[in-house]
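The values are calculated or read from the model by the stated rules, or taken from the named source; none is laboratory data. All values reported here derive from a predicted model rather than from experimental measurement. Note that each Cβ is placed from the backbone with ideal geometry, even for glycine, and that neighbours are counted across all protein chains shown. SASA here: full protein model, heavy atoms, side chains in, ligands and nucleic acids out. Shrake-Rupley method; radii C 1.70, N 1.55, O 1.52, S 1.80 Å.
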Amino acid sequence: MTLNRREFMVTSSAALAAGAFGPSFVFAQAPAAPPATPVFTAVRRNVGIFTARGGTMGYLITPDAVLVIDSQFADTSQMFLDGLKTRTPRRIDILLNTHHHGDHTGGNKVLRPAVTKIVAHQNVPALQRKAAAAQKSEENQAYADETFTDGWKASVGDETVSAKYYGAGHTSGDAVFFIERANIVHMGDLMSHQRHPRVDRPSGASIRNWLTTLERVVKDHNADTIYIFGHSKVGAPVTGSGKDLLMLRDYFSSMLDYVQKSISAGKSAEEIVKGSVPGFTDSEGTPQLQVAYDELTAKV
Ligand SMILES: [Zn+2]
C-alpha cells in the first residue's frame with residue numbers, strides 16, 4: 001500500500017497513540033534546522049551586511065581593498081565567499097573577528113585561503129582555542145595573525161577602519177569596529193536586539209561593564225551612526241541606532257536591579273532565576289538571571 005504524506009502522518013500518530021514505537025520515536029522525528037538563506041544587504045557607502053546563520057557579518061568593498069567582519073560558520077562562510085566573488089575580483093585584505101564564539105569565527109578556516117590577515121583582540125585566540133578544545137573542533141579553526149589590546153586602526157581603500165576595546169562585556173575579548181567615513185559601527189555580540197543576550201561568564205563576561213560600554217559606545221559616535229547588531233529577535237532588523245544600544249543598557253539595568261533587590265530580600269538563586277527582567281518580557285529567548293546572580297554575589 002502506498003500512503004501519501006497526510007495519510008502517513010495520520011497513521012504514524014495512530015501508531016504512536018497505540019504505543020507502537022515508544023517515546024524515542026517522537027524525538028527521532030524532531031524537525032531539522034531550516035537551511036540557511038544567504039542574504040547580502042547594502043547598508044551605506046560600500047558597507048553591507050551578510051546574514052545566513054549565526055552572527056551578522058559585515059563587509060566593506062572598495063576598488064582597492066576588501067574588509068570582512070566575522071565569519072559565521074563553515075557552511076555559511078562558503079555561501080558568503082561565493083557571493084563576494086560576484087561583487088569583487090579582489091581577495092579579502094583583512095578579516096576582523098568581533099570575539100571568539102563559534103558563530104563568529106567558525107568560518108575563519110574556510111575564508112583563510114582568500115584572506116591576507118585575520119585581526120582580533122588579544123584575548124580572542126586563547127578563548128577560541130579553549131572553546132575548540134572543549135568541542136574537539138581544533139582542526140576546524142583559523143586564528144588571528146595580528147592582535148591588539150586597547151585599539152587598532154587601518155586604511156582600507158578610501159576608508160579608515162578602527163577597533164576599540166571597552167573591557168569585558170559579552171566575553172573578555174569583544175571589540176567594537178568603526179568604519180569611519182560610512183559612519184557604521186559593528187557591535188558583534190555586544191548588541192543583541194529584542195533578544196535576551198548571552199553573557200559568557202566563563203569567558204570573562206561582565207554585565208556591569210557591558211552596561212557602561214553601551215553608553216560609552218553611543219557617546220563615541222553620533223546620531224547618524226548606523227550600528228550592526230550581532231543578533232536580533234527573528235524578524236527584527238540587525239541594524240539600528242544608538243537608541244537601540246541604550247535600550248539594551250536599560251535591559252541590563254533592569255536585570256541587575258531585579259536580581260540585586262531579590263538577593264537583598266533574602267530570595268534564593270533558585271527562586272530568582274524563575275523570574276524575568278521587568279519591562280523586557282517580550283525579548284526572545286531566556287534571560288540569564290543565574291549569570292547576573294553569580295556576578296552580583298561573586299567575591300572578587
Ligand atoms: Zn557571541
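Just check the range 129-216 against the gyration tensor rule for me: Cα atoms, a ≥ b ≥ c as the square roots of the eigenvalues, rounded for a/c under 1.5, and otherwise prolate or oblate depending on whether a/b exceeds b/c.
Working: a/c = 1.99, a/b = 1.20, b/c = 1.66.
Here the range 129-216 falls in the oblate category.
Can you give the extra length, in nm with one decimal, that the chain gains between ALA114 and ARG216 once fully stretched, where that is 0.36 nm per residue apart less the Cα-Cα distance? Please report the intermediate quantities before stating the final value.
On the way: separation 102, 0.36 × 102 = 36.72 nm, distance 3.46 nm.
Extra length available between ALA114 and ARG216 comes to 33.3 nm.
Taking a point 7 angstrom from the Cα of ALA126 along the C-beta vector, which residues in the range 78-102 have backbone N less than 13 Å away?
Within reach of a label on ALA126, which here means backbone N under 13 Å from a point 7 Å along Cα→Cβ, the range 78-102 contributes nothing.
State the antiparallel share, in %, of DSSP beta bridges confined to the chain, rounding to the nearest 5.
Working: 29 of 45 bridges.
Approximately 65 percent, going by the DSSP bridge assignments.
Which FRET efficiency, nearest 0.05, do ALA134 and THR160 yield, Cβ-Cβ r, R0 35 Å?
Values: r = 37 Å, r/R0 = 1.06.
It comes to 0.40.
Work out, step by step, the length gained on full extension between ASP75 and THR41: first 0.36 nm times the residue separation, then minus their alpha carbon distance; give nm to one decimal. Present the calculation step by step, with values, prior to reporting the outcome.
On the way: separation 34, 0.36 × 34 = 12.24 nm, distance 1.90 nm.
Between ASP75 and THR41, full extension yields 10.3 nm more.
Under 1.5 on a/c is rounded, so check that first for the range 42-181, then, if it is not, pick prolate when a/b is larger than b/c and oblate when it is not; a ≥ b ≥ c are the square roots of the alpha carbon gyration tensor eigenvalues.
On the way: a/c = 1.80, a/b = 1.21, b/c = 1.48.
Oblate, since a/c reaches 1.5 and b/c is not below a/b.
Ignoring ligands, DNA and RNA, what accessible area per residue does the chain give at 1.4 Å, in Å²? Walk me through the numbers on the way to the answer.
On the way: 14680 Å² over 300 residues.
Accessible area per residue: 49 Å².
What percentage of the solvent-accessible surface of the range 196-300, computed with a 1.4 Å probe over protein heavy atoms, is contributed by carbon and sulfur atoms?
Details: 2810 of 5390 Å².
Carbon plus sulfur share of accessible area: 52 percent.
Using only the Cα atoms of the range 173-219, what are the Rg and Dmax in Å?
11.6, 36
Per residue of the range 272-277, in order, report the coupling 6.51 cos²θ - 1.76 cosθ + 1.60 (Karplus, θ = phi - 60°) as ³J(HN,Hα) in whole Hz, putting x for Gly and Pro.
So the J values, rounded to whole Hz, are 5, 5, 7, x, 9, 8.
On a C-alpha basis, how far is the centre of the range 55-114 from the centre of the range 248-300 in Å? Whole number, if you could?
Between the Cα centres of the range 55-114 and the range 248-300 lies a distance of 36 Å.
Suppose only helical runs count, i.e. DSSP H with n ≥ 4. What mean residue ellipticity at 222 nm does that imply for the chain under -39500 (n - 2.57) per run, divided by all residues and rounded to the nearest 500 deg cm²/dmol? Mind showing how you got there, number by number?
Working: 10 runs with 101 residues, N = 300.
That comes out to -10000 deg cm²/dmol.
Mind counting lysine pairs for me in the range 41-187? Cα separation below 19 Å, and the two need to be 8 or more apart along the chain or on different chains. Intermediate results must be reported in sequence, preceding the final value.
Numbers: LYS85/LYS109; LYS85/LYS117; LYS109/LYS117; LYS109/LYS130; LYS109/LYS136; LYS117/LYS153; LYS117/LYS164; LYS153/LYS164.
Close lysine pairs found across the range 41-187: 8.
Using amide H atoms built in the peptide plane, which far-off residues or other-chain residues are under 5 Å from VAL156 H to H?
It is VAL161, by chain and number.
Largest first, please: the extent of the C-alpha atoms of the chain along each principal axis, to the nearest Å.
Each principal axis gives a Cα extent; for the chain these are 69, 60, 37 Å.
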